[in-house]
Amino acid sequence: MQVKLGIAPIAWSNDDLRELGGETPLEVFLSDAKKIGFDGVELGYKFPYDKKELKRILKDYDLELAGGWFSGNLLVQSVAQEQESLLREMERRAYCDCYQLVYAECSNTIQGKPLGLSKKPILTQDEIKEYAEKYSSLNAFVSKQGFSMGFHHHMGAIFQYANEVDLFLQYASLGSGLTFDTGHFYFAGANPLEELKKHLHRVKHIHLKDVREQVKQEMLQKDSSFLESVIAGVYTTPGDGVIDFKGILDFLKTTNYEGWLVIEAEQDPKKADPYEYSKKAYALVQDLLKGQP
């Protein structure tokens, strides 16, 4: 496979819950990422928005930009409005030689609210179809700019469950892709490997994160919020939870997937040292890619 290994800054400083790692300078994350051996990094809120400053700091640490989150509002905005918002972000990323977008619908997500996950927004089949048609138009626009965009399914958002993702992709254009996230699929009750096999032709970008089964069950039983689940430690880095990453990477090696494999784990850095956890996960993924047990 022609893949690169990336790391997201969210284990060092959390975008949704900024008291987690809020005191950690961006430079610590970048230095750790380079020291571990990652090829690139995803964006986070501590990165400079100015494109020249962004390119400079990435160059200082000899790291590529692997993409990153874009907060979309297509559910409540027109395609034209979303295009305008995306153009500004695409200009910034293209200046840094990055043509990858992780598109996350945020207009009515509860991921940052003190609401149990059972309160997530639910769209009807007709609403999913309408949304998929709008997204297809937006994706066509993005593709014309030379970018690859993958929709990010997420706990607490409109497409959390596997059947919701299935319906969305059924109605979306064939060119509309997915940011595949092992942890979100597993937390939502799906088998990540089976979902990967099902949607491989749609996968534009991959997030690798693990799940602690006992914490997951406790959070679902209590109907905890997404952020409560993060604080409790539902997510961790590959190899520290229950997801079968050997099966996932063995399958990917039989495919023509080309792109980023990004290690990502929303954890409290005071409870789970991001450098040590990410270093172990990097070693694990590298070994599995090489076919070592």
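The values are calculated or read from the model by the stated rules, or taken from the named source; none is laboratory data. Remember, predicted model here, so these are calculated numbers, not experimental data. Note: ideal-geometry Cβ built from the backbone for every residue, glycine included; neighbour counts use all protein chains shown. Note: accessible area is taken over every heavy atom of the protein model, side chains too, but ligands, DNA and RNA are not part of it. Shrake-Rupley method; radii C 1.70, N 1.55, O 1.52, S 1.80 Å.
To the nearest 20 Debye, how big is the dipole of the chain about its Cα centre, given +1 on the beta carbon of each Lys and Arg and -1 on that of each Asp and Glu?
420
Which whole-Hz ³J(HN,Hα) couplings does the range 128-135 yield from phi under the Karplus relation 6.51 cos²θ - 1.76 cosθ + 1.60, θ = phi - 60°, glycine and proline marked x?
Couplings: 5, 4, 4, 5, 4, 5, 5, 5 Hz.
In square angstrom, what is the accessible area per residue of the range 1-133 with a 1.4 angstrom probe?
47
Quick one: check the C-alpha center-to-center distance for the range 20-96 versus the range 192-206, whole angstrom.
Centre-to-centre distance over Cα atoms comes out at 24 Å.
Ignoring everything except DSSP H segments at least 4 long, calculate the 222 nm mean residue ellipticity for the chain; use -39,500 (n - 2.57) per segment, divide by total residues, nearest 500.
-13000 deg cm²/dmol
Amide H of GLY72 versus every other amide H placed in the peptide plane: which residues, excluding those fewer than 5 positions away on the same chain, fall under 5 Å?
ALA104, GLU105, CYS106
Explain nothing, just compute: Karplus ³J(HN,Hα) = 6.51 cos²θ - 1.76 cosθ + 1.60, θ = phi - 60°, for every residue of the range 90-97 in order, whole Hz, x for Gly and Pro.
Those phi angles translate into 5, 4, 4, 6, 4, 4, 9, 6 Hz.
Residues with amide H under 5 Å of THR237's amide H, sequence separation 5 or more or different chain, H placed in the peptide plane at 1.01 Å from N; which?
Those qualifying (amide H under 5 Å, at least 5 residues apart or on another chain) are ASP210.
What FRET efficiency, computed as 1/(1 + (r/R0)^6) with R0 = 30 Å and r the Cβ-Cβ distance, is obtained for SER71 and THR254, rounded to the nearest 0.05? Please list the in-between numbers first.
Values: r = 34 Å, r/R0 = 1.15.
The pair SER71/THR254 has a calculated efficiency of 0.30.
State the label only: which of (i) 118; (ii) 140; (iii) 188 corresponds to volume of the Cα convex hull per residue in Å³ computed from the shown model?
Read-out taken from this structure: (i).
Would the range 235-293 count as rounded, prolate or oblate if I go by the C-alpha gyration tensor, calling it rounded below 1.5 in a/c and otherwise prolate when a/b exceeds b/c, oblate otherwise?
Since a/c reaches 1.5 and a/b is larger than b/c, the shape of the range 235-293 is classed as prolate.
Under the classification rounded if a/c is under 1.5, otherwise prolate if a/b is larger than b/c and oblate if not, where does the range 1-157 fall, given a ≥ b ≥ c as square roots of the Cα gyration tensor eigenvalues?
oblate
Test of understanding: in a Gaussian network model of the chain with alpha carbons linked when under 10 Å, which of PRO25, PRO274, PRO238 would top the mean-square fluctuation ranking?
Maximum among the listed residues: PRO25.
Probe of 1.4 angstrom, ligands and nucleic acids ignored: what's the accessible area per residue over the range 198-293, in square angstrom?
About 45 Å² of surface per residue is accessible.
Leaving out ligands, DNA and RNA, and with a 1.4 Å probe, what % of the accessible surface on the range 33-120 is carbon or sulfur?
On the way: 2030 of 4140 Å².
On the range 33-120, the fraction of accessible area on carbon and sulfur atoms equals 49 percent.
Take the solvent-accessible surface of the protein heavy atoms, probe 1.4 Å, and return the percent of it on the range 199-293 that carbon and sulfur atoms account for.
So the carbon and sulfur contribution to the accessible surface is 47 percent.
Give me the number: length gained by fully extending GLU213 to GLU276, i.e. 0.36 nm times residue separation minus the C-alpha to C-alpha distance, one decimal in nm.
20.6 nm
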